[in-house]
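First up is the structure itself, then whatever we jot down about it.
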Amino acid sequence: MANLKLGKLPDRTPLKITITVSAELSQELKAYAALYRQTYGESETVAELIPFMLAGFLDGDRAFAKARKEGLATASISDESRSLKASDSE
């Protein structure tokens, strides 16, 4: 097998997540989208902006990055996935 510099690509299948936000947060997100449109001259919906906002939040969280580096976040994610799967089968 060839030893490529580029490793196997991760799963890129998008997942849909539905959330409920407060009326105040909804207004703030709409205001952000409006400012984005004014700044860049392109209109993006709140739903299109949120994944990038969340990614930026996670990228900037030093405690989360440290926990992931130490393997702590990965363990808790897999534990949570198992508990969610168990509760779905009940």
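The values are calculated or read from the model by the stated rules, or taken from the named source; none is laboratory data. Remember, predicted model here, so these are calculated numbers, not experimental data. Please note: Cβ atoms are built from the backbone with ideal geometry, for glycine as well, and neighbour counts cover all protein chains shown.
If you go through the range 33-65 one residue at a time, how many are among the β-branched types (V, I, T) and under 16 Å from P14 (Cα atoms)? It would help to see each step written out before you state the result.
Step one: list which residues in the range 33-65 are among the β-branched types (V, I, T), which gives 39, 45-46, 50.
Going one step further and asking which of them are under 16 Å from P14 (Cα atoms), we end up with 50.
Number of matching residues: 1.
Would you kindly identify the helices (runs of 4 or more DSSP H) lying entirely within the chain that contain at least 1 residues that are of a type in the set (A, V, I, L, M, F, W, C), surrounded by 10 or more Cβ atoms within 10 Å (Cβ to Cβ) and modelled with pLDDT of 95 or more? Spell out how you get there, then give the answer.
On the way: elements: 23-40, 46-60, 62-69, 72-88.
Qualifying helices (runs of 4 or more DSSP H): 23-40, 46-60.
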